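Peer 1: Take a look at this one; I'll ask things after.
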């Protein structure tokens, strides 16, 4: 398998570059949107220590998104800040699950947020993220290998954190158990979107940018299966993708409202440093 | 004529004075953030390894490095590059850096930590081993919050990160 040491080398092969760019947008937008949803929890987490931890995790994830946007910048896709703030919703490649709001209400007014949903969404996402990063450590695109290695070091801390919450709540009171099961059902309806690598997935696998979607899915499902067994839960059918595939630009209106809020200041004055 | 080796040495001396904006007792050199300094003609290329990805201090660190290197006579332009190979790991922190972290009230990361396993650090104030982890995540991306049951002080520790 051919490896590509630099952006210049990748740019020489249009087909390779197209698949690589597509994957980088998926990785960047996933972290970007989930970190944004996480940041809406600031001041609302169950206790003060969690507020510190969760905001630190979101800061790390924003950092990971930045690293991927920088790789895109090197490939001539535009400035990292513009990529995150000025693209229209249909250009985003994040999984639909990660754009969904934290619950009903708004962080400024009556935030009726669901902590069980936050725990399950983040835990399952971090498991999938780690599996992808392990695969990217041997990517044919060398700058992506280095990025993955860097991100992986921090993701292990995130995984430890969400694993603790998941195990504690699932084994807690009847009420907690019920809420966690509801959250799992909710996350299950869209999780296939996180595991999908979209229409360009075949080219990505063929050119060694990341392993094929089926392999990634199998690893994730077998991991979740063992988590479920430990917690006395049963794995139902495969996860689904009810609201469309974000990898192909399909999104819910909640993405647009998220982008409107998070890019409001930047769009007003893109030249301003802030 | 000043040789480039001499210039390089002088640049390193200046970098030793550049503090981490969030831990002002330690220089970026002792934190192990400088991978290489290349001096060619009048340009100094300084390759820097970022610590944590989301660290908001990076832009400030870059600016401070530029200012420091420009103080060296013979250097007219400075190019700071953030590189990711090799990755920054906590075992790059020097012995001096570890002492300076303690002075700031931050316990240095354990040098023999195995990734994924819990780690243990002694209290930076009284040296006791009787400490508990309060929160893996702390006030900045690189720190955790701990508590010393001997001297009853809360303290911070730098999170160990290793190349897997």
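Here, each number is a calculation from the coordinates, and none is a lab measurement. In this text the structure is predicted, and so the values were computed from the model without any measurement. A quick note on method: Cβ atoms are made from the backbone with ideal geometry, for glycine too, and the neighbour counts reach across all protein chains shown.
Peer 1: So what is log10(I(q)/I(0)) for chain B at q = 0.12, 0.13, 0.17 1/Å, when the Debye sum runs over its Cα atoms only?
Peer 2: -0.57, -0.65, -0.98
Peer 1: Nearest 10 degrees, 0 to 90: what angle lies between the long axis of helix A:142-170 and the longest principal axis of chain A (Cα atoms)?
Peer 2: So the inclination is approximately 10 degrees.
Peer 1: A follow-up question, please. According to a simple spin-label model (label point 7 Å from Cα along Cα-to-Cβ), what is the distance in nm between residue A:230 and residue A:82?
Peer 2: The two pseudo-label positions are separated by 4.6 nm.
Peer 1: What share of Cα pairs, in percent, lie more than 14 angstrom apart in segment B:1-65?
Peer 2: That tail contains 57 percent of the Cα-Cα pairs.
Peer 1: Moving on. Let me know the Kirkwood hydrodynamic radius for the protein assembly as shown, please, with Cα pairs as the basis and the value in Å to one decimal.
Peer 2: Final number for the Kirkwood radius of the protein assembly as shown is 23.3 Å.
Peer 1: Rounded to the nearest 0.05, what FRET efficiency is calculated for residue A:112 and residue A:248 with R0 set to 25 Å and r the Cβ-Cβ distance?
Peer 2: Calculated transfer efficiency: 0.20.
Peer 1: Over the residues of segment B:82-164, compute the C-alpha Rg and express it relative to 2.2 N^0.38 Å.
Peer 2: Taking N as the residue count of segment B:82-164, the ratio is 1.08.
Peer 1: Relative contact order of segment B:4-82: what whole-number percent is it, with Cα pairs under 8 angstrom and at least 6 residues apart?
Peer 2: Once normalised by length, the contact order is 34 percent.
Peer 1: OK, next. What FRET efficiency comes out for residue A:11 versus residue A:257 if R0 is 25 angstrom and r is the Cβ-Cβ distance? Round to the nearest 0.05.
Peer 2: 0.10
Peer 1: To continue, here is another question. Work out how far the C-alpha atoms of segment A:51-130 reach from end to end along every principal axis, then list the three figures in whole Å, largest first.
Peer 2: Between the extreme Cα coordinates on each principal axis of segment A:51-130 lie 41, 27, 23 Å.
Peer 1: Kindly state, to the nearest 0.05, the FRET efficiency for residue A:199 paired with residue A:221, given R0 = 25 Å and r defined as their beta-carbon distance.
Peer 2: Once rounded, the FRET efficiency stands at 0.70.
Peer 1: Helix A:213-230 versus the longest principal axis of chain A: what angle, 0 to 90°, nearest 10, using Cα atoms?
Peer 2: Its long axis makes an angle of about 20 degrees.
Peer 1: Going by alpha carbons, how many degrees (0 to 90, nearest 10) lie between the helix axis of B:4-15 and the longest principal axis of chain B?
Peer 2: Result, in degrees: 40.
Peer 1: Sticking with this one: At a 10 Å Cβ-Cβ cut-off, how would you order A:131, B:136, fewest neighbours first?
Peer 2: Fewest-to-most Cβ neighbours within 10 Å comes out as A:131, B:136.
Peer 1: From Cα pairs below 8 angstrom and at least 6 apart in sequence, can you work out the relative contact order of segment B:94-158, rounded to a whole percent?
Peer 2: Relative contact order here is 28 percent.
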